[in-house]
Structures are given as C-alpha cells and as structure tokens.
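First the structure, in the form of structure tokens, and then the observations on it.
The values are calculated or read from the model by the stated rules, or taken from the named source; none is laboratory data. The model shown is predicted, which means the values in this text are computed figures rather than measured ones. As a convention, Cβ positions derive from the backbone with ideal geometry for all residues, glycine included, and neighbour counts pool all protein chains shown.
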Amino acid sequence: MSDSDKLAVHVWFYAQDEAFANIVARALGPGFTMRRTNRLDLATAREQEDWCDVALLDLRWADSETNIAAAITLVDEINHLRLPPPVIGVLGENNKAAPRQLMEAGAYDTVESPPDMGELRLVLRRAFRLRRMEKELRRLNSQADCAGHPTFNELLDSTEPMQQVAELARKVALCDVSVLITGETGTGKELVSRAIHRLSPRSEAPFVAFSCANLPETLVEGELLGHEKGAFTGAIASRRGRFEAADKGTLLLDEVGDLPLALQAKLLRVLQERSFERLGSNTPITVDFRLICATHRNLPEMVAQGLFREDLYYRLNVMQLHIPALRDRRGGIPLLALRFLERFSAQFGKKAKRFSRLALHVLGEYDWPGNVRQLENVVQRAVVMADGSTIEVWHLPIALRNGFDDTAAVVHSYEEEVRDFKRRLILRTLQECGWSKAETARTLGVARGYLHRLINQLQITPAGFATIPKRAEEKPPLTRVM
C-alpha cells in the first residue's frame, strides 16, 4: 500500500452498477480510495473489515417495502461485524421513508441520488472521523488490558488539555508529594486521583477516598480519626479512621474546601507530625500516607476571606492539577460518549454500538453543566431507551434535544436539522479559518464553488457568523492522496 493510499479515506462501495461506481470514484477525487463489490455477505464484509473506513451502499433499487427490508438486512449484516464501519446509503427519490428506516436500522447517514459530490465528501469525512474515534477507543482499551489496569484511559479524552493533565499526573505519580486537584463537579477528579495512585510506588497499598462535603463536623472528625470503644454514645467498639486505613497508601480528601476550620487545624497537625490520636484515646498512632485533595472551590479566594487556613493551603498545594470543564474540551465528547456507550451496552445486554450523526451533533452542542458525570448519565439513559444498534436523537433527554418532544417531531424536522448542522459546521470552520472562504473550502475538502453555493443556500452572513461561539475542539487533519 502506498503512503498516499494510507492517507486516504478508504471507501468500500457496494454497487451492482459498475459504471455508476466508477463515476462516483472519479468524482470524489483525491483523498478517497475506493474498492467496489457487487455482492454483500458476511464473508465479503469481513475481508474488507480492517481496510475500510466507510461502507457506501448503492441502494437506489430500494424503492419498495420489500426492497427496503432487503437493504435493512444489508445494513444489519455490516453492523454485526467485529468492528463495523459506518454505513452510508445512496437512495433514489421514490421512497421518502427509506432514510429514516435505514438510520433506525443502524446506518450512519443517507444521501439522495444523484449525489451532490461536495455533500457526499463531507458525509464520508464525518463518518471517517467517527470510525477513527472508534478505533482509538479500542486501541486505548487494548492498552489498558495489556497493562492490567485502565490508568488514565478511564477518562478517554484525547484533547490537548486532558493530554497535558495526564502527562503532569504521570510525573506527579512517581514523586511522593501532596497533590491538589481542582475543577468543577463531575469533571473526573477522583478518576485522576485513582490513576495517580495506581501509577505510584504505593499502588499495592490501599486507596481510601472520603468526601468532606455536607457532613457535620463531628462526623467528619470521627471518620478521619476513628474512635475507641465508649468514646461517645453509641461507640460500642473501636473503629479505625480513614487516616489509619490509608496507611502506606493514598488518601483522597474530596471537596476539601468544605472542611470546617477546626478540622483544618487538626488535618494540618496530622500532615506535619504524621501522627494522631483516635477519639477517646491518648495513644499516638503513626501513619504514612500520600494525601491527594480535590475541590471545586476557589481555595485562594477562601484563604483571602478567612474561610480556609493559608498554612494548610500551602501544605496541600505542592502540586496542582486543574481538570478543565467538558464544555472547554468538546473534542473529547464523542470519544467519552462512545466509551460510555460500549460499557453500558455490555452491562445491559443491549445492541447499541454507535450514535447517529444528529445524536453526536446534539451531544457536541450541549454545554454540560454536570460535566463528564452528566454525560455518563445521559448515555446510560440513552442505552436503556434504545432498542436497535444506533442511539438516535430521540433517545436523549429533552433538555439536550433543543425542543424535540417526540419521534414525530424529529421526523418532521429532519431536513431542518440537517440544514442547521451544515450551517453550524460551515460557520465554525469559517471562524477557525478567519472567514477565508478559500481556506474554509480546503479545510472541508470541498470545491470553492460548492462552498459559495452552500453559503448562499444557508443564508450565511457575517452577522450570523458572529453568533456562533468558537469551540475548543481538535480539528482532524485533512486527508488527501498526494
């Protein structure tokens, strides 16, 4: 295989009409490599499984209910592969229900014949990016399996901000220092803490997590220090605290910003002397643990307000890791969503394998105030709701669906959703390219004339462009055959 062929989007084209397949192959141009087959069965599909990025099916003959059923069978056979590629169907004009039926069966998208080649290139490249994310997910899972533990792969976010966090965390893990992890609720602070522990020299010892949030001072003190029998009413037996439980290992104090001032002084003493007494005892207990603290609060601001001890803050903040909010690393949303989809589908015995194009679009547009934890819950709900192999828009909560109330609304607004998706894609790319139409056309892999037509059809103006916020997401390189 040549270097240029390796860079191309590999399209496996099922078409009985060889002349039509040749026309499409020539019209796609550089950046695409096509293999045609005139028969489709599992044996043939498996032969191309590792090579192809996208399966393109010529389904112009699917103009009746019987033929649509046969087309759905083809899609279903491809979706039963070990690593099924996204499926795109080329349909005729005679059956308006076919696009919806095929996408419900697991097709990634459909285009109408004769296909607009600019639109087909965009659809193929979007499907290619999905395929690439699915392969990356399996690569990360394979690495985790080989290592015997998932380390940072639980976060499964290949965006630059999270790569920087992971790199710093790996360095910190090897050095036995206190770590302060900051970030909004639900960003994955405990996952990072556990990963640091697993990569540290203390990995064979216990990892003990305790949340300081919304608990009475006396309860927090008892949980951390432990108590002797008879120390207070109801203390019918001696009990080890979290400090003891974490001896030789790692202690995570989650939401340390909620720790009462009186207990902050006791924590500081434990960190300085590495010893303490249980409640109801005068016998010192020596401990050796690594402390990791996490909080969503602004500790320097709390120090200035007298709500957090300055000396304790400096003791905790030897190394600081900040986990960015999910809305600030949107490029990681598809990979995270796919990871959760894979996990919950296996857990619930469901057939769902991927998200529809519109469902991924909706996930990418949402601001995620609950961050990764909210995304995980949304995907879990969607897997429960789904019956087929694809998570559709109507499987997502109403808050994410921008006003779609039911399946009928989605069907009625399908074309509007496609138009809105194109408009947002072009607006965002124009913004990233400094409003240069030539650079935008090159980035999207379309002809300038086609881009001009789309801008006119979608009524894109500089005023409308200014309303679309720039997203901090990675832009995959344009793949072309040289």
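Before moving on, here are some points about what is shown:
- Checking each residue in the range 416-453 for being among the polar types (S, T, N, Q) and in a helix (DSSP H, G or I) picks out Thr429, Gln431, Thr440, Thr443.
- Residue satisfying all of: in the range 290-310; surrounded by fewer than 13 Cβ atoms within 10 Å (Cβ to Cβ) and assigned to a helix (DSSP H, G or I); farthest from the chain's Cα centre (by Cα) among these: Ala304
- Against the conditions (1) surrounded by 15 or more Cβ atoms within 10 Å (Cβ to Cβ); (2) modelled with pLDDT of 85 or more, Ile23 satisfies every one except (1).
- Per the listing Phe276, Phe289, Phe232, the residue uniquely among the hydrophobic types (A, V, I, L, M, F, W, C) and within 30 Å of Ile323 (Cα to Cα) is Phe289.
- Residue ID - farthest from Thr73 (Cα to Cα), chosen from residues in the range 365-391 that are under 13 Å from the mean Cα position of the chain (by Cα) and assigned to a loop (DSSP other than H, G, I, E, B): Trp368
- Pairing residues of the range 202-224 that are touching a residue at least 60 places away in the same chain (Cβ under 8 Å) with residues that are surrounded by fewer than 15 Cβ atoms within 10 Å (Cβ to Cβ) and not aliphatic (A, V, I, L, M), at Cβ distances under 8 Å and at least 6 apart in sequence or on separate chains, gives Arg202/Asp176; Arg202/Lys248.
- Inside the range 216-248, residues that are in contact with a helix residue (DSSP H, G or I) (Cβ under 7 Å, 6 or more places away or on another chain) and part of a loop (DSSP other than H, G, I, E, B) make up a count of 1.
- Residue selection: Ser193 satisfies the criterion of being under 33 Å from the mean Cα position of the chain (by Cα) and polar (S, T, N, Q).
- Of all the listed residues (Pro85, Pro114), the sole one being modelled with pLDDT of 80 or more, touching a Cys at 6+ places or on another chain (Cβ under 8 Å) and in a loop (DSSP other than H, G, I, E, B) is Pro85.
- Looking only at the range 72-119, residues that are surrounded by fewer than 20 Cβ atoms within 10 Å (Cβ to Cβ) and in contact with a Phe, Trp or Tyr (Cβ under 6 Å, 6 or more places away or on another chain) come to 1 in all.
- Asp41 meets all of the listed conditions (1) surrounded by 19 or more Cβ atoms within 10 Å (Cβ to Cβ); (2) charged (D, E, K, R); (3) at pLDDT below 85 but one, namely (1).
- You will find that of Leu261, Leu267, the residue that is closer than 30 Å to Gly306 by Cα, of a type in the set (A, V, I, L, M, F, W, C) and surrounded by fewer than 16 Cβ atoms within 10 Å (Cβ to Cβ) is Leu261 and no other.
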